[in-house]
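K.L.:
I'd like to ask you about the structure that follows.
Values in this text are rule-based calculations from the coordinates and carry no lab data. Source: prediction; values computed, not measured. Every residue, glycine as well, gets a Cβ built from its backbone with ideal geometry; the counts of neighbours run over all protein chains shown.
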Amino acid sequence: MLHRRTLPALAAGLLATPTLAQSPYPNRPIRMVVPLPAGGATDIWARLVAEPMAQTLGQPVVIENRGGAGGLVGTEAVKNAAPDGYTILFHIASFVQTPVVLKRWPYQPLEDFAFIGKMGTTPLPFCVRGDLPPRTLAEFVDYARGRHLPYGTYSPGSSGHAFAQLLSDVNRLDMVAVHYRGEAPMLQDVLGGRVACAFHSMTGSGDHIRSGRVRPLATLGSDGIPTMPQVPTFVSLGYPAADWARSGFVGVFAPVRTPAPEQAKLVEAFHGAMTRPEVLRKLAEMDTIAQYLPPAEFKADVASYMAFWQGLVDRMGLSVEG
């Protein structure tokens, strides 16, 4: 039984006991949301950097594929996630493209996210099935005229959608878009003969492109395909550089209110991954052009691309319902 006069001393002792410090960030797994299906280029890139980031952070970085609405579903989920550093986003240019084309803005790309870093970009060649006769872009235009060819897109509002439609428009073709929920299902329909042509990434479709099952005719961007220099760029074939020389981006984001210390650790981990020789070697093998940018420069890059994309879409009158 406690004596009454001992209570003040006991209370003072309890008040003097230091509070337990919180465990330093991160103290549990980090969820990296990929807003497109597994098996496509975005998923492959995310998995490439998740492991080295985990080694730096000391916690697993777990990939969660959350596709839907051209990337809007997963991206909005990250925007609305707790801004505690445990949910991050790995995304491509669809991050700004899809909301512009669908005219749906469940998030504001430049205001709702913290920019962690840019991985780089990738050539995006326009390809036909290997069993079709065209072997050059000019031959394709002649072949396609009057045929109402279906072209695949890996998501509505993506580069593959807009530029295939632009190719159709400038050459007075009448191609018809067939939308998919990612590159992997689109590729299967191209290989299966259900779709005639599409823009493919070298990361997601490179093996089939190199084997000849899918034939590249020309590529977006200004640098060509590193391992396939014989494939011309659209610009080298006379298409205007203002439209056809632009490349998208690949990178990592977090909810905008993620605390600065947590952001800094994520930036450090991603930057470290992008300096690893094995990561750079694998990117090169996939014809992904490493172009690391830190947060501020990455945000400026995305803002520039978003302005270009809005202008292109407005000029084309491109929109998608749903």
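K.L.:
Got a number for residues in the range 181-200 being free of Cβ contacts under 8 Å to residues at least 40 places away in the same chain and either assigned to a helix (DSSP H, G or I) or crowded, with 22+ Cβ neighbours inside 10 Å (or both)?
P.N.:
Summing the residues that are free of Cβ contacts under 8 Å to residues at least 40 places away in the same chain and either assigned to a helix (DSSP H, G or I) or crowded, with 22+ Cβ neighbours inside 10 Å (or both) in the range 181-200 gives 4.
K.L.:
For the range 267-301, which residues satisfy the criterion of being part of a helix (DSSP H, G or I) and touching a strand residue (DSSP E or B) at 6+ places or on another chain (Cβ under 7 Å)?
P.N.:
Within the range 267-301, Val267, Phe270, His271, Leu280, Leu283, Pro295, Phe298, Lys299, Asp301 meet the criteria.
K.L.:
Any chance the range 130-147 includes a residue that's of a type in the set (Asp, Glu), touching a residue at least 40 places away in the same chain (Cβ under 8 Å), farther than 26 Å from Pro240 by Cα and out of contact with any strand residue (DSSP E or B) (no Cβ under 8 Å at 6 or more places or on another chain)?
P.N.:
yes
K.L.:
From the list Ser211, Ser247, pick out the single residue that is surrounded by 15 or more Cβ atoms within 10 Å (Cβ to Cβ) and either without any contact (Cβ under 8 Å) to a residue 24 or more places away in the chain or more than 30 Å from Gln59 (Cα to Cα) (or both).
P.N.:
Exactly one residue qualifies, and that residue is Ser247.
K.L.:
Could you please find all residues in the range 117-160 being within 27 Å of the chain's Cα centre (by Cα), over 30 Å from Pro295 (Cβ atoms) and assigned to a helix (DSSP H, G or I)?
P.N.:
Leu137
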